1. Taking only segment 49-73 into account, find how many residues are part of a loop (DSSP other than H, G, I, E, B) and more than 24 Å from residue 168 (Cβ to Cβ).
2. Can you spot a residue in segment 94-102 that is in contact with a helix residue (DSSP H, G or I) (Cβ under 7 Å, 6 or more places away or on another chain) and not hydroxyl-bearing (Ser, Thr, Tyr)?
3. Only one of (1) hydrophobic (A, V, I, L, M, F, W, C); (2) touching a helix residue (DSSP H, G or I) at 6+ places or on another chain (Cβ under 7 Å); (3) open to solvent by 40 Å² or more (accessible area, probe 1.4 Å) fails for residue 142. Which number is that?
4. Every residue in segment 156-176 that is farther than 23 Å from residue 133 by Cα and either of a type outside the set (D, E, K, R) or surrounded by fewer than 18 Cβ atoms within 10 Å (Cβ to Cβ) (or both), please.
5. Take residue 53 and decide whether it is at pLDDT below 80, surrounded by fewer than 16 Cβ atoms within 10 Å (Cβ to Cβ) and of a type in the set (Val, Ile, Thr).
6. So, in segment 15-35, how many residues would count as being out of contact with any Asp or Glu (no Cβ under 8 Å at 6 or more places or on another chain) and either open to solvent by 80 Å² or more (accessible area, probe 1.4 Å) or part of a helix (DSSP H, G or I) (or both)?
7. Could you tell me whether any residue of segment 65-87 is surrounded by 16 or more Cβ atoms within 10 Å (Cβ to Cβ) and among the β-branched types (Val, Ile, Thr)?
8. Would you mind finding the one in 102, 130 that is small (Gly, Ala, Ser), over 18 Å from residue 37 (Cβ atoms) and surrounded by fewer than 18 Cβ atoms within 10 Å (Cβ to Cβ)?
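The values are calculated or read from the model by the stated rules, or taken from the named source; none is laboratory data. This is a predicted model, so every value here is computed, not measured. With ideal geometry, Cβ positions are generated from the backbone for all residues, glycine too; neighbour counts draw on all protein chains shown. Note: accessible area is taken over every heavy atom of the protein model, side chains too, but ligands, DNA and RNA are not part of it. Shrake-Rupley method; radii C 1.70, N 1.55, O 1.52, S 1.80 Å.
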Amino acid sequence: MNTSTPFTNKVYTLSDGSHYKVRPIQANDRERIIELFNHLSPESRYLRFAHAISKLPDDFLDDILHLDYKKEMALLAAMTSHAGAEEIIGIARYVTPPNQNACEFSLSVSDSHTTQGVGTHLMRDLIAYAKKNGLQEMLGYVLSKNSRMLHLVSDLGFQIHSQDDELDFKTVSLTL
């Protein structure tokens, strides 16, 4: 497994003047990812996972914390809390199925930081990393009622397609 990544941390500024950085996920981020999930509203959890869940599955955490950077990537948006601890405010990830040049992305941003550009920065950095890795397409499956995500991916240049057999989801795709 490749454990090094050429991604360089990037620092961004929120409208209130505070800063956050986008960096690759690390094996010791487990508790901070659980904290991010615990601070998502039930609606945000549903929109992200397409069903109601009250706890992140252990296999999800294990998968996301141990990446093969040639086929997958997870980026975190993190800021320093008032108490001085690092707090994760967003996460974007892609995975590449075996023998394919396309990847599938996912994105979660804390409820307190939506509409502040965090998701846009995470996705732009994730797209750039996928391009550097030679991937040709990024795909996603978005709940039809998730208007915020559909607006975000549209702004990033994704094509949005309805599925005849699955009215609850839209397929979004971006040629890299």
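1. From segment 49-73, those part of a loop (DSSP other than H, G, I, E, B) are 50-57, 66-71; that's our starting set.
Within this subset, residues satisfying the condition of being more than 24 Å from residue 168 (Cβ to Cβ) are 66-71.
Within segment 49-73, residues that are part of a loop (DSSP other than H, G, I, E, B) and more than 24 Å from residue 168 (Cβ to Cβ) number 6.
2. Initial filter on segment 94-102 (in contact with a helix residue (DSSP H, G or I) (Cβ under 7 Å, 6 or more places away or on another chain)): 94.
In the following step, the residues that additionally are not hydroxyl-bearing (Ser, Thr, Tyr) were identified as none.
Scanning segment 94-102, I find no residue that is in contact with a helix residue (DSSP H, G or I) (Cβ under 7 Å, 6 or more places away or on another chain) and not hydroxyl-bearing (Ser, Thr, Tyr), so the answer is no.
3. (3)
4. 160, 161, 162, 163, 164, 165, 166, 167, 168, 169
5. On the way: at pLDDT below 80: yes; surrounded by fewer than 16 Cβ atoms within 10 Å (Cβ to Cβ): yes; of a type in the set (Val, Ile, Thr): yes.
It is true that residue 53 is at pLDDT below 80, surrounded by fewer than 16 Cβ atoms within 10 Å (Cβ to Cβ) and of a type in the set (Val, Ile, Thr).
6. Of all residues in segment 15-35, those out of contact with any Asp or Glu (no Cβ under 8 Å at 6 or more places or on another chain) come to 15-21, 23-31, 33-34.
From the residues that got through so far, the ones that are either open to solvent by 80 Å² or more (accessible area, probe 1.4 Å) or part of a helix (DSSP H, G or I) (or both) too are 15-16, 19, 26-31, 33-34.
Number satisfying all stated conditions: 11.
7. Checking segment 65-87: not a single residue is surrounded by 16 or more Cβ atoms within 10 Å (Cβ to Cβ) and among the β-branched types (Val, Ile, Thr).
8. Working: 130 fails: surrounded by fewer than 18 Cβ atoms within 10 Å (Cβ to Cβ).
Residue meeting the stated conditions: 102.
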